[in-house]
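Heads up: the structure comes next, in structure tokens.
What follows is calculated from the coordinates using simple rules that are stated; it is not laboratory data. Quantities reported herein were computed from a predicted structural model and do not represent experimental measurements. Here the Cβ positions follow ideal geometry from the backbone for every residue, glycine too, while neighbour counts run over all protein chains shown.
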Amino acid sequence: GLVNTVEETQRSRVVTPFPAPKLIDLPMFQGDHKESLYWGTYRPHVYFGVRARTPRSLVAGLMWLGVKDGRYYMRHVCQDSDELSKYGWTQHNGRDFGHQVLVDQDMTLATSFVKTKGEGSGYGGDWAVRLGVQNEESHWNNQMQSSGYLFFYLADEDGNALSLSKDKLDISGSSLLAFGSRLDIGDWQLHLKAKDDLEVHYSGFRTPHIHNLSDLVQEELAVQARMFNRLQLSDTSDDSSNILIFQISATIPLEADIAFVSGTGSRVEERVSSLTGTSLTNLLKEKRGEFDSKFEKCFNLADKLDSESVIVGKAAIGNMLGGIGYFYGQSKISLPKSSKVKSHENFVSYWPTELYTAVPSRPFFPRGFLWDEGFHQLLIRHWDVHICLDIIGHWLDLMNVDGWIPREQILGAEALSKVPEEFVLQYPTNGNPPTLFLVLRELVYGVKKNKFTATESNEISSFLERALVRLEAWFQWFNTTQSGKEMGTYYWHGRDNSTTRELNPKSLSSGLDDYPRASHPSEEERHLDLRCWMLLAADSLHSITELFESGSERKKRYGSTAKLLSDFEILNQVHFDPAYGAYFDFGNHTEKVRLSWKEKVGNNYPTRELIREVLERPELRLVPHIGYVSLFPFMEKIIPPESWILDKQLDLISNRSILWTDYGLRSLAKTSTLYMKRNTEHDPPYWRGPIWMNMNYRILSALHHYSQVNGPYKHRAKVIYSELRSNLIGNVVHNYHQTGFLWEQYDQTKGKGKGARLFTGWTSLVLLIMAEAYAEG
Ligand code: 6A9
């Protein structure tokens, strides 16, 4: 009946692509650009992996046996429980070179990746990886530690069979391990060169699933160990195998060079030799040098900071670029509640999409997140504006006909295998901050101020010209679906207003998850951060349209929207509390809310649960929590430099009893009633105290701005700026050298890294802070 038809239409609408030419089809992303980025370390979820930017690629990867307390453990997918004391790219240029160091107990592994396009190479060129294994000196006499077991594999996602060079692998004769052929690259070969005392074994499998390769290898090793008491693959494979695993065993120190060459019609031997042995040593040396000089050219740290900090700066950009992945698959989109289907089955699949993107954290969140990506690009665009545009293009192409982009991108079986079921579905009613505008606005500004070469400027302009219709639709999506009751107000839709468990219902879509909002979600709400994001979007659209058309209607429209949203008087009427001197959300709110243990009724045995108690009737009012959200008008630089309110904001920032710590600014004021409070029994505080780098970077940018423009608080802003900057750098650098990692957040009492480790997403913005590179425009 009618209901079914309506449901059908909703279903198909949400998974209908935005009807406009795709950005990734622009000429600037074809030809050399596309080919030069074909192969890469685009599998950030494994310790080392290579694939091409194509939906069903030939993929390569590395496993090894780690040893702990006399037992062997298989390492492959980045897992915190492996307890590597350190790993990550110390250098990576996002294109044809990367160097990674991994420390697993007493063993240090190095993986160096390099790509070349030689005469005779097939599409995408050739690549090589040098694997090096060293032991800690103190353990030289430990028997078990003296052998290294590496497993290097190739798997064809397209199902093409891979051929083994011969049944008995002995690399002293020929270095050829395997060969095959694919439509994209033609014929290819895989070679291994190393010292002679190295043993090579292999095993072949045929399976369409590559997300469980570690299990496959582990099971086979277990069988071999049981039957023959040896740690050795079976040396069996047949003609149909689409996965080949090569075991490389040798005494440590061990070094092995693996070369992959395609287009094997000509000059194969020469190319293999240039990608192995001494030639490879020289090539890698050259690439390391190039990385260092480009790093210095882009960020100019040499006379600004000590070498300890520079190491961290390099790890920041190296991991940001080395963490870039390519994913392919279909998101699962939640459908409106229906009584017929269980909620996790009530979804429809997005169209098959590809995504080239950086990721926040290789072990914990190795996939794309919309608002994280805008921050990532703030850094990446300084290094390589083409990679930056390519990534933004991929994201904008994910937009549906309504102008919506799914927030978290879980594409393909490997990505899905890392995500608990309750987090998989994406909600088409929920947004995520449009941070991509942060970098787009900077790019437009750069074009207008002639900061790019003529070619780059043209490319950026043609990118923006094609992107415009999507960016406008994105703006419209927010402007219609996230608007508030009063004109010019907005709130994050989708908060749960019937919860009995959450101390304060979360707003995941804001990106600030448990940051406290009005206690009782309602249509009356006005969220300050969203208002400022809308200003960013309107202002960016204004300057983009200005590039193409002067005096047009729509340029004027965005101009007046931006003007309205940045109007100081209106902002103060809607969001300012003179008593606190602070900006706040508005909504149906009471401070008198708490969680208490209650007996669970209807159980045979007594159990307790934490239930929310509301001790006072909520009323419409400003929501008095000082924290990151209160600083959004400051971050967007709306406050006039001569206003006393600016002085007030500087008070909040610099006050130790409120936001200031020696390690950066807290997410929520110490004085807030929800400071460091759990949200539910299972939900520890997240954005209720700890220090986050993305927000600190934005606040620091604004401090920098106010320390440059004339006004009575210029000097004060400068003093606070310098101190905050050195606190942030000092703490991240200290934690990195102490723990081996960049962290997701930093504890506000001791500065200790917290949450996901090896979090090289927005925490890497510390490099922009070192370089004092802040958004302009
Ligand atoms: C959980 C659990 C193995 C939370 O950095 C990504 C996001 C941010 O966008 C957001 O602002 N992080 C921040 O509040 C991490 C979110 C992870 C959600 C999925 C799956 C898997 O654990």
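Whole number please: convex hull volume per residue of the Cα set in segment 122-280, in Å³?
It is 129 Å³ per residue.
Run the numbers on the chain and let me know its relative contact order in percent, using alpha-carbon pairs under 8 Å that are six or more apart.
Relative contact order of the chain: 11 percent.
Which value at 222 nm does the chain reach when only helices count, each DSSP H run of 4 or more adding -39,500 (n - 2.57), with the total divided by all residues and rounded to the nearest 500 deg cm²/dmol?
On the way: 19 runs with 258 residues, N = 777.
It lands at -10500 deg cm²/dmol.
Among 206, 617, which comes first, then next, by fewest other beta-carbon atoms within 10 Å? Present the calculation step by step, with values, prior to reporting the outcome.
On the way: 206 14, 617 9.
Listed from fewest to most nearby Cβ atoms, that is 617, 206.
Give me 460, 24 sorted ascending by neighbouring Cβ count inside 10 Å, so fewest comes first.
Final ranking by Cβ density, sparse to dense: 24, 460.
Explain nothing, just the number: relative contact order of segment 720-777, from Cα pairs under 8 Å at least 6 residues apart, as a whole percent.
29 percent
What angle, in degrees between 0 and 90 and rounded to the nearest 10, separates the Cα long axis of helix 385-396 from the longest principal axis of the Cα atoms of the chain?
70 degrees
Sequence-distant or interchain residues sharing an amide H contact under 5 Å with residue 358, placed H: which?
Under 5 Å from the amide H of residue 358 lie the amide H atoms of 325, each far enough along the sequence or on another chain.
Going toward the positive end of the dipole of segment 342-484, with +1 on Lys and Arg Cβ and -1 on Asp and Glu Cβ, which of 424, 446, 388 do you reach last?
446
Just add up the charged neighbours of residue 236: K/R +1, D/E -1, any other residue whose Cβ is under 13 Å from the Cβ of residue 236.
Taking every other residue near residue 236 into account, the sum is -3.
Normalise the Debye intensity by I(0) for segment 226-280, one equal point scatterer per Cα, no solvent, then take log10 at q = 0.27, 0.31 Å⁻¹ and round to two decimals.
The computed values of log10 I(q)/I(0) come out as -1.09, -1.16.
Below 18 Å, Cα to Cα, which lysines can residue 637 reach? Residues fewer than 8 away in the same chain don't count.
563, 648, 714, 718
What number, in percent, do you get for the relative contact order of segment 11-110 if the mean sequence gap of Cα pairs under 8 Å and at least 6 apart is divided by its residue count?
Values: 122 pairs, mean separation 15.9, N = 100.
16 percent.
Would you please name the GluC sites (Glu not before Pro) within segment 266-318 that are DSSP coil residues with at most 10 other C-beta atoms within 10 Å of their C-beta?
Counting only loop positions with at most 10 other Cβ atoms within 10 Å, none of the GluC sites (Glu not before Pro) in segment 266-318 qualifies.
Given a cut-off of 20 Å, what percent of all Cα-Cα pairs of segment 369-452 lie beyond it?
42 percent
Rg/Rh for segment 194-326 to two decimals, with Rh computed the Kirkwood way over all alpha-carbon pairs.
Looking at segment 194-326, the ratio lands at 1.08.
Normalized C-alpha radius of gyration of the chain, against 2.2 N^0.38 Å?
0.99
Please rank 310, 766, fewest neighbouring Cβ atoms within 10 Å first, as an exposure proxy.
In order of increasing Cβ crowding within 10 Å: 310, 766.
Using a Cα-Cα cut-off of under 27 Å, which lysines could be cross-linked to residue 86, ignoring same-chain neighbours fewer than 8 residues away?
Within the straight-line limit of under 27 Å, residue 86 reaches these lysines: 68, 115, 285, 287, 294, 304, 314, 418, 750, 752, 754.
Report, to the nearest 10°, how far helix 693-708 tilts away from the longest principal axis of the Cα atoms in the chain, using its own Cα long axis and a range of 0 to 90°.
Helix 693-708 sits roughly 60 degrees off the main axis of the chain.
Where does helix 277-299 land angle-wise versus the long Cα axis of the chain, in degrees 0 to 90, nearest 10?
So the helix axis and the longest Cα principal axis differ by about 10 degrees.
List the GluC sites (Glu not before Pro) within segment 1-102 that fall in a DSSP loop (any state other than H, G, I, E or B) and whose Cβ has at most 13 other Cβ atoms within 10 Å.
Listed in order of number, the matching sites are 83.
Tell me which trypsin sites (Lys or Arg not before Pro) from segment 299-333 have a DSSP coil assignment and no more than 10 other beta carbons within 10 Å of their own.
Counting only loop positions with at most 10 other Cβ atoms within 10 Å, none of the trypsin sites (Lys or Arg not before Pro) in segment 299-333 qualifies.
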